[in-house]
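The values are calculated or read from the model by the stated rules, or taken from the named source; none is laboratory data. It should be emphasised that the depicted structure is a prediction, and the values quoted were computed from it without experimental measurement. Backbone-built Cβ (ideal geometry, glycine too); neighbour counts: all protein chains shown.
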Amino acid sequence: MCRKVLAVIAAIALSVSSFSMIAAHGEELKKPIALPKITAGSTGYTFKATPAKWSDNGPSSFEWLLNGKVLASSALTLKLKSSDNKKKLQFRESHVFDDGTSATAKSNTITIGNILLSESLTIRVRPTDDKVMEIAVLPKSVPTTAKPVYQWYVGFFEIKGATKSTYALKTSDLGTDISLEVKFVAKGFVTAKKTSNTVAIANITRKYEQIWSEEFNGPAGAPADPTVWVAQNGDGVAFGNRGWGNNERQWYDDKISSTNGSGSYVIKATTTNAGINNCYYKGPCEWASTKLVTKDKVGFKYGRIEARIKGPVGNGTWGAFWLLGADIDERGWPGCGEIDVTELLGRLPNTNLGYIHGPLSGGGGRGDKVEMATPHHAGYHTYAVDWLPDQIRYFLDGVPFATLNKPDNGWVFDHEFYIIINLAMGGNLGGGIAADLKDTSMEFDYIRVYSINGIGEVIKP
């Protein structure tokens, strides 16, 4: 009797074990190759289900779940009402395999009232006008009542006022990345947004037209043109700016500099006879040099400001080609603004410095430096800025190396400026002067000003 009972139990156990193995094998077959999927129509309240894919051709049945509750409809399309907003919709499929086993699969979940942006947002430069950005593809899977709200971007920053479906490119956009964000707003729907592709702007042509120049074509030994240039002589004390604000060691004297007869103006710096004056540092002046400005003679507002210059040689030299705001007497510095087209240091013979100064940086410089293939004193190089209402871009020998875009506040580069050329000695930036240095110079081949796509003007009293 006991043996019979044990045999029966063993048989049952074997049967259960075999069933478990079959069931386990069946579980593998119950997995769909692809899950079902639901998508929303253009109104946001119509939906379509795409059935799952299975490993066989067995029959399937379907049902919709709204907040987990089964709806009456079992069709592959469904229409809901605005009263269903914020509810969760899902599609469930039951499948019977050829071997009689079954499985279920659920789709993605959609929140009713959400605006689905399945298509990409694509922008481009208009084929018929390379100065206009436009939308090439706008997502259409949105409610018909949805209102698009546009915002164009340069890099990561919003472009103020650029809130239309098109954007008129500015010259300052050259070399930047432009993109678009569109928000879709509709009553009863959750606001949705889509960000476009990014377009690198490289096809805006900057057209330059010369509007002013100083060619320095006087005979050898001639002074700078007095209709253009004013000498600021001394050590800065007479201007309320001791040591020119930088602890510089020179006394400016325009009589030591002149044109060379070969089309250049040569600013000399020398220790010869420099001690005839008493400098602010309570003793004979160590150096004499020259500083010229166009203040009250010629002013400039926007455009390309360019000069061809051969830099000074020797540690402690500090040559500069720069601009100051014409309102400096009223606003002071840095409120007037300063644009250093180039600063050339003898201690850094292979470096070009280009910086702006203003209240946006508390007077501190914003810009960059770039290394030069040959020393600035070994030959002429061309230094320039493209100065526009919303951007200042620096160039060395025609190649841009720094771009400064107008921030939300603190931008004071929107009025008349005047040009300055000078060669300082020592000072905060020039550094220590070489003990064996007695004479040096800085040469200006020309200074030219151009309008940029019609932007730029020369101002005369």
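Candidates are the residues of segment 305-358 that are among the polar types (S, T, N, Q) and surrounded by fewer than 23 Cβ atoms within 10 Å (Cβ to Cβ); the one that is nearest to GLY426 (Cα to Cα) is ASN315.
If only residues of segment 145-156 that are without any contact (Cβ under 8 Å) to a residue 60 or more places away in the chain and within 17 Å of the chain's Cα centre (by Cα) are counted, the one that is surrounded by the most Cβ atoms within 10 Å (Cβ to Cβ) is TRP152. Within this structure, LYS255 fails the test of being modelled with pLDDT of 95 or more and in contact with a strand residue (DSSP E or B) (Cβ under 6 Å, 6 or more places away or on another chain).
Being without any contact (Cβ under 8 Å) to a residue 24 or more places away in the chain and outside any strand (DSSP E or B) is a description that applies to THR163.
Within segment 253-302, the set of residues being buried (at least 20 other Cβ atoms within 10 Å of the Cβ) and assigned to a helix (DSSP H, G or I) comprises ALA274 only. Filter segment 419-440 down to the residues that are surrounded by fewer than 23 Cβ atoms within 10 Å (Cβ to Cβ) and of a type in the set (Gly, Ala, Ser), then identify the one that is farthest from the chain's Cα centre (by Cα). Applying the filter and picking the extreme gives ALA435. Inside segment 86-112, residues that are over 13 Å from TRP64 (Cα atoms), in contact with a Phe, Trp or Tyr (Cβ under 8 Å, 6 or more places away or on another chain) and either outside the structural domain of THR46 (by TED's automatic domain parsing) or assigned to a loop (DSSP other than H, G, I, E, B) (or both) make up a count of 2. Just so you know, in segment 33-70 the residues that are assigned to a loop (DSSP other than H, G, I, E, B) and β-branched (Val, Ile, Thr) include one that is nearest to ARG92 (Cα to Cα), and it is ILE33. Within segment 402-429, the set of residues being more than 28 Å from TRP229 (Cα to Cα) and in contact with an Asp or Glu (Cβ under 6 Å, 6 or more places away or on another chain) comprises ALA402, LYS406.
Residue pairs whose Cβ atoms lie under 7 Å apart, separated by 6 or more positions or on different chains, with the first residue in segment 409-433 and within 19 Å of ASP329 (Cα to Cα) and the second among the acidic types (Asp, Glu) and not in a helix (DSSP H, G or I), are HIS415/ASP327.
Every residue, every condition in (1) modelled with pLDDT under 80; (2) over 30 Å from LYS147 (Cα atoms); (3) of a type in the set (A, V, I, L, M, F, W, C), yes or no:
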residue	(1), (2), (3)
LYS4	yes, yes, no
ALA11	yes, yes, yes
ALA40	yes, no, yes
THR50	no, no, no
TRP54	no, yes, yes
ALA105	no, yes, yes
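The residues listed here are PRO32, PRO36; of these, the one that is modelled with pLDDT of 90 or more, surrounded by 14 or more Cβ atoms within 10 Å (Cβ to Cβ) and over 19 Å from GLY100 (Cβ atoms) is PRO36. Of everything in segment 359-384 that is of a type in the set (A, V, I, L, M) and more than 22 Å from the chain's Cα centre (by Cα), the residue that is surrounded by the fewest Cβ atoms within 10 Å (Cβ to Cβ) is ALA373. Kindly provide the set of residues from segment 71-85 that are under 27 Å from ASP56 (Cα atoms) and part of a strand (DSSP E or B), ordered by number. Scanning segment 71-85 gives THR77, LEU78.
Checked against (1) surrounded by fewer than 19 Cβ atoms within 10 Å (Cβ to Cβ); (2) assigned by TED's automatic domain parsing to the domain that holds ILE421, GLY236 passes all but condition (1).
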